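Okay, so here's the structure we're looking at.
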Amino acid sequence: YRLDPTIISTDIEAVQLGKDLGAERALELLAADGVVPAAWRTMGASRTDYAMADWLHHHGHPVVHIDVRPEDGVPLKPYPVLTPAHMGLPGAIHEEAGTIFLRSWAATARPQAPSHIA
């Protein structure tokens, strides 16, 4: 087992059942439906959440991790890591920061209506 204390909880995780396994299983489920993502975004509020991005990067998938915990230091990683401060929101954390990131992605993914349609 691995203990991961955060400011709001202590995660107790079985080493064999980590978030890296979750990333692997997600990829398998998508592949079974013929879906091959062009890029990945992982998000979390604890150090163990990086395991998702670590696994994806190690297996050749483009990934960006979003760290939504307070600015207590971001580990050096071989892939980009974003924080609320990158969006000009240094006080946003956890659910608030996650919501902001998800809304910005949804806005870029949503088809824009022609300007003549209100």
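The values are calculated or read from the model by the stated rules, or taken from the named source; none is laboratory data. What you see is a predicted model, and the numbers here were worked out from it, not measured in a lab. Methodologically, a virtual Cβ is constructed for each residue, glycine included, from the backbone with ideal geometry; neighbour enumeration extends over all protein chains shown. The protein model used for the area step is the full one, side chains on, heavy atoms only, and it has no ligands, DNA or RNA in it. Shrake-Rupley method; radii C 1.70, N 1.55, O 1.52, S 1.80 Å.
At a glance:
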| read-out | value |
| --- | --- |
| Tally of residues being within 19 Å of residue 79 (Cα to Cα) and either open to solvent by 40 Å² or more (accessible area, probe 1.4 Å) or of a type outside the set (Gly, Ala, Ser) (or both) across the stretch 24-56 | 17 |
| Residues satisfying the stated conditions in the stretch 33-49, i.e. more than 8 Å from the chain's Cα centre (by Cα) and part of a helix (DSSP H, G or I) | 47, 48 |
| Selection within the stretch 78-98 - under 11 Å from the mean Cα position of the chain (by Cα), over 19 Å from residue 38 (Cα atoms) and not hydroxyl-bearing (Ser, Thr, Tyr) | 98 |
| Whichever residue in the stretch 57-77 is buried (at least 20 other Cβ atoms within 10 Å of the Cβ) and aliphatic (A, V, I, L, M) and, among such residues, is nearest to the chain's Cα centre (by Cα) | 66 |
| Residues of the stretch 83-96 satisfying the condition of being open to solvent by less than 70 Å² (accessible area, probe 1.4 Å), modelled with pLDDT under 80 and assigned to a helix (DSSP H, G or I) | 85, 94 |
